[in-house]
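All remarks here apply to the structure that follows.
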Amino acid sequence: QVQLVESGGGLVQAGGSLRLSCAASGSFFRINTMGWYRQAPGNQRELVAIIIGDDSTNYVDSVKGRFTISRNNANNTVNLQMSNLKPEDTAVYYCYAGLVLRVGWNSVTYWGKGTLVTVSS
């Protein structure tokens, strides 16, 4: 059973920083992609940042220059360092991973349960 467990959310003032972490556990062959989505109340879930392979990254325009995604393949974790946070960053942040469970199988997407980030003005 594959699980993704997030940590690091919380309440922070505007201009502050938070670091989110997500660890993948269970039985699988390889992790292809890892990343973070977020969903604010009344909004659709949006991609925040993605890391493909070891170091190919992409960010939504609104977080470029403020957020940094990184990955540790040794312990199957992905981190999101968030700086200069703004009230509009308030959302539930979801970790996701594209995993290959067995050699030759297609990639399957798994999701964490989410962690709440609240940025006060």
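The values are calculated or read from the model by the stated rules, or taken from the named source; none is laboratory data. Everything numeric in this text was worked out from a predicted model, so none of it was measured. No Cβ is skipped: glycine too gets one built from the backbone with ideal geometry, and neighbour counts run over all protein chains shown. The area values use the complete protein model at the heavy-atom level, side chains included, leaving out ligands, DNA and RNA. Shrake-Rupley method; radii C 1.70, N 1.55, O 1.52, S 1.80 Å.
Points to keep in mind about this one:
- Qualifying strands (runs of 3 or more DSSP E) (wholly inside segment 48-121; at least 1 residues being within 21 Å of Q3 (Cβ to Cβ) and open to solvent by less than 50 Å² (accessible area, probe 1.4 Å)): 67-72, 77-82, 91-100, 115-120
- Scope segment 56-109; condition more than 24 Å from S121 (Cα to Cα), in contact with a Gly (Cβ under 9 Å, 6 or more places away or on another chain) and aromatic (F, W, Y); matching residues: Y96
- Selection count where residues are farther than 18 Å from V117 by Cβ and of a type outside the set (A, V, I, L, M), scope segment 27-64: 13
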